[in-house]
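Chemist: Please read through the structure below; I'll follow up with questions.
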Amino acid sequence: MMNGKRLFLFLGIQVCIGAGMAQTKVVTVEDLFHQIDSCNRHVQSGKLQVKQSDAAIEVAKNDMLPSLHLEADWRYIGDGFTTDRNFSNAERAEMPHAGNSFLLKAMQTLYRGGEITGNIERGRIQKQQAQDRLHKTRQDIRFLLLGKYLDLFQLSNQRKVYERNMEQTCLLVRDMQAAYRQGTALKSDITRYELQLQNLQLRLTYVQNQMDILNHELVTSVGWPVTVVIEPDTSALKMLTVERLDESEWITRAQNASQMRLAQAQLSLSKNREELLRAGMRPHLFLKAEHEFSGPILVEVPAIDKNFGFWSAGIGLSYNIDALYRNRRMLRQNKIEQLDMQENVALTEENLLNDIHSAYVNLDEAYVRLETQKKSVQLAHENYYIVKQRYTNGQALITDMLDASNTQLEMELDLANAQIGILYQYYLLRKVTGIL
């Protein structure tokens, strides 16, 4: 029994300590974006890919440097033998047993048909691709976590609405209890409102649990401790009347959208591959120098136990003849690939314009919905106070009060959702245009 009490006391202390460690943090959208850019693992991976592309460019530049080759060895040479041409009269030939060689080669490419510059350009295109993918990843992660942030914002508004309605319901129950003691109210009326209060408490508990889940997902995604409790910045609602641009202005802003840049980069890579294929059909020109020093001299019989050294320098030309017919076939394939890439660019642009138009229309609709909802909330409040007054005067039933209360709650929740809906559609439009 004592062990159970100690365990209960220990758990209670741990809960208190955990609650004490919780840190409420007011977070703006800009704060969230900054933390994503600094700590989100997907974004950090994208940054590393850009650095890898930088390193790949430097590797491609290596082909512009001279190549140097050094080779040295020591070997044991066994005795040789000689025979006649018909393999008879074999005679043993003594050989020097210690052999050595030293070789130094140097080569500098002068011309490779444009292959070197083509590979460097390919590396630059791939670096731009990596940067565009990083930008797209950043936009996607920002919008994904922004959605959770706005959900948290929406739930926070819902919590306030539920708490306000619970206060209102508690006051009404207290008034009804006083009326019941005076004999002017029924016990069943009080019971109904107490049930309404319990229902509101259950909804509030659900909202708080969902807020806890979203908060945990957010803080772990942006690198904050799990003890941080994010409180959405309520000043964001001031943006509801900010930046009402025409659709054409949003289209202008989308000229450098990451999806367009990625599609264009694929086309550029296809054109670059064409240049590399043509480079393979051109001759390669290079300078070459080498120095060889080896012994013994085995081309003489008997062998000469001396070292022999010589050096040479000159210019070389190589030509891959089979590329004339192999690469032509690949060039024809590449032309078809380029046409496909051009169609992909046009299709990406078409989808982008459709997405902008859809997001723009939905944003306008969200503003209309907000104005309608504001009027609905005003009417719901007026209706509630009228019904309450009638109920107090005995001119309305408890069911009328419940209906009016539920309508008021529903309209207030819909207003909170409409406010968040505008923010969501606005940021969606920014994400589509690539400027989130």
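The values are calculated or read from the model by the stated rules, or taken from the named source; none is laboratory data. Note that the structure is predicted; figures quoted are calculated from it, not measured. Don't worry about glycine lacking a Cβ; one is built from the backbone with ideal geometry, like all the others, and counts go over all protein chains shown.
Chemist: Among the residues of the range 81-112, which ones are touching a residue at least 24 places away in the same chain (Cβ under 8 Å) and assigned to a loop (DSSP other than H, G, I, E, B)?
Modeler: GLU94, MET95, PRO96, ARG112
Chemist: For the list (1) at pLDDT below 85; (2) under 30 Å from VAL222 (Cα atoms); (3) not hydroxyl-bearing (Ser, Thr, Tyr), I need the number of the one condition that LEU171 fails.
Modeler: The failed condition is (2).
Chemist: Please state which of the following conditions GLY223 fails to meet, knowing it meets all the rest: (1) under 23 Å from HIS135 (Cβ atoms); (2) over 28 Å from the mean Cα position of the chain (by Cα).
Modeler: GLY223 satisfies all of (1) under 23 Å from HIS135 (Cβ atoms); (2) over 28 Å from the mean Cα position of the chain (by Cα) except (2).
Chemist: I'd like the residue in the range 162-214 that is among the acidic types (Asp, Glu) and closer than 24 Å to LEU413 by Cβ and, out of all such residues, is farthest from the chain's Cα centre (by Cα). Let's see the steps before the verdict.
Modeler: Residues of the range 162-214 that are among the acidic types (Asp, Glu), as a first pass: 163, 167, 175, 189, 194, 212.
Right, trim to closer than 24 Å to LEU413 by Cβ and you get 163, 167, 194, 212.
On the way: GLU163: 38, GLU167: 44, GLU194: 49, ASP212: 24 Å.
Out of the qualifying residues, it is GLU194.
Chemist: Something else: With (1) in contact with a His (Cβ under 9 Å, 6 or more places away or on another chain); (2) surrounded by 11 or more Cβ atoms within 10 Å (Cβ to Cβ) as the list, and PRO66 as the residue in question, which single condition is left unmet?
Modeler: (1)
Chemist: Does any residue of the range 54-76 turn out to be in a helix (DSSP H, G or I) and polar (S, T, N, Q)? First the steps, then the outcome.
Modeler: Taking the range 54-76 first, the residues in a helix (DSSP H, G or I) are 54-64.
If we keep only those that are polar (S, T, N, Q) as well, we get 62.
Yes; the residues of the range 54-76 include at least one that is in a helix (DSSP H, G or I) and polar (S, T, N, Q).
Chemist: Being assigned by TED's automatic domain parsing to the domain that holds ARG138, under 28 Å from GLU290 (Cβ atoms) and at pLDDT 85 or above: is that true of LYS61 here?
Modeler: Criteria met by LYS61.
Chemist: If you don't mind, another one. Return the total of residues in the range 107-122 being of a type in the set (Lys, Arg) and farther than 16 Å from SER270 by Cβ.
Modeler: Final tally of qualifying residues: 1.
Chemist: Quick one: what pairs do we get from the range 169-192, first residue free of Cβ contacts under 8 Å to residues at least 12 places away in the same chain, second surrounded by fewer than 11 Cβ atoms within 10 Å (Cβ to Cβ), C-beta under 7 Å, 6+ apart or different chains?
Modeler: Final answer for the pair search is TYR180/LYS187.
Chemist: While we're looking at this one, here's another question. Among the numbered criteria (1) in a helix (DSSP H, G or I); (2) within 18 Å of GLU292 (Cβ to Cβ), which single criterion is violated by VAL345?
Modeler: Of the numbered conditions (1) in a helix (DSSP H, G or I); (2) within 18 Å of GLU292 (Cβ to Cβ), the odd one out for VAL345 is (2).
Chemist: Determine, yes or no, whether THR392 is surrounded by 17 or more Cβ atoms within 10 Å (Cβ to Cβ) and of a type outside the set (A, V, I, L, M).
Modeler: Details: surrounded by 17 or more Cβ atoms within 10 Å (Cβ to Cβ): no; of a type outside the set (A, V, I, L, M): yes.
No: the conditions fail for THR392.
Chemist: Shifting gears a bit: Hey, among ASN100, ASN89, which residue is among the polar types (S, T, N, Q) and at negative phi?
Modeler: After ruling out the rest, the residue left standing is ASN100.
Chemist: What number of residues within the range 204-231 are in the same structural domain as GLU410 (by TED's automatic domain parsing), surrounded by fewer than 19 Cβ atoms within 10 Å (Cβ to Cβ), among the hydroxyl-bearing types (Ser, Thr, Tyr) and in a helix (DSSP H, G or I)?
Modeler: Total meeting the criteria: 1.
Chemist: Using beta carbons and a limit of 6 Å, which pairs, at least six apart or on different chains, have the first residue in the range 385-398 and within 20 Å of GLY183 (Cβ to Cβ) and the second one modelled with pLDDT of 75 or more and basic (Lys, Arg)?
Modeler: What qualifies is ALA396/ARG390; ILE398/ARG192.
Chemist: Please list, ordered by first then second residue, the pairs with beta carbon atoms under 9 Å, 6 or more apart or interchain, first in the range 318-343 and closer than 25 Å to MET260 by Cα, second among the aliphatic types (A, V, I, L, M).
Modeler: Matching pairs, first to second residue: ASN334/LEU277; GLN338/LEU267; MET341/ALA263; MET341/LEU267; MET341/LEU269; GLN342/LEU267.
Chemist: I would also like to ask the following. Test of understanding: among LEU347, LEU363, LEU287, which residue is touching a strand residue (DSSP E or B) at 6+ places or on another chain (Cβ under 8 Å) and more than 30 Å from GLY78 (Cα to Cα)?
Modeler: None of the other options fit; the residue is LEU287.
Chemist: Now for a separate question. Would you tally the residues in the range 344-356 being over 13 Å from MET260 (Cα atoms) and without any contact (Cβ under 8 Å) to a residue 24 or more places away in the chain?
Modeler: 1
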